[in-house]
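Just so it is clear, none of the values below were taken in a lab; they were calculated from the coordinates. What you are looking at is a predicted structure, and each value in this text was computed from that prediction instead of being measured. When we count neighbours, we look across all protein chains shown, and the Cβ atoms used for this are built from the backbone with ideal geometry, even at glycine.
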């Protein structure tokens, strides 16, 4: 079945060009020219696999749309590629903090965008071995099922939060710098502020509750998943 891509963009000419190229590549395409139409499209079946989201919409901002996508259980796992004329570092950081998976600054070539679309969808298709279920203290991570449980209670994580947790857990005991996490989780190879990493780790800790203490902060360096469980802190909130 063809993957579904939702274009949320108010420039009609650009929408037509993107639609033609995406459909020619075999994708199913839906479109919305403003925020209100976008919200309606997000309620339609099937849920889009990828959303091309313009930051500057005439009624509802792309940032707000992205927040809604990540807050909804229905759409939280959809991939979001932001399109915007804004190129300032702070705009990129805000985009990633609200849950964008990638960021393209206008003007861009259609070829570049198509390569980004293919790359981001390909990353999503990568799966771990079916037996890859990791149990650590009160934490259980079902990698192929993208499920996380703490004390047998299922925890709701976004796709990005799950990738961050799995990356840290798979490198248990090894310090991961913010730059390493940006490269391996967000796949950003650029010198941008690291606030987005700190924000996501903080949110992940809060969601993990009793297992949050397994994520250690190494001041001035980055983060590390605790190498060994201590009887005094197993199941404690950190």
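Descriptive notes on the structure:
- Geometric descriptor of the range 4-125, per residue, is 95 Å³ (volume of the convex hull of the Cα atoms).
- Percent breakdown of C-alpha pair distances by 10 Å bin, ordered from the shortest bin, for the chain: 7, 31, 33, 20, 8, 1, 0
- For the residues 37, 156, 61, a GNM of the chain with alpha-carbon springs under 10 Å puts the largest fluctuation on 37.
- Counting DSSP beta bridges with both ends in the chain, the antiparallel % (nearest 5): 50
- Annotation: extensible slack from residue 104 through residue 198 equals 31.6 nm (criterion: 0.36 nm per residue apart, minus Cα-Cα distance).
- Hypothetical label at residue 142: residues of the range 155-173 whose amide nitrogen lies under 15 Å (7 Å Cα-Cβ projection): 155-157
- The distance between label points at residue 171 and residue 73 comes to 3.3 nm (points 7 Å beyond Cα on the Cα→Cβ vector).
- Principal axis dimensions, largest first and in whole angstrom, of the range 133-225 by Cα: 39, 24, 20
- On Cα atoms only, tilt of 62-71 relative to the major axis of the chain in degrees: 50
- For the pair the range 9-85 / the range 145-169, the C-alpha centres are spaced 26 Å from each other.
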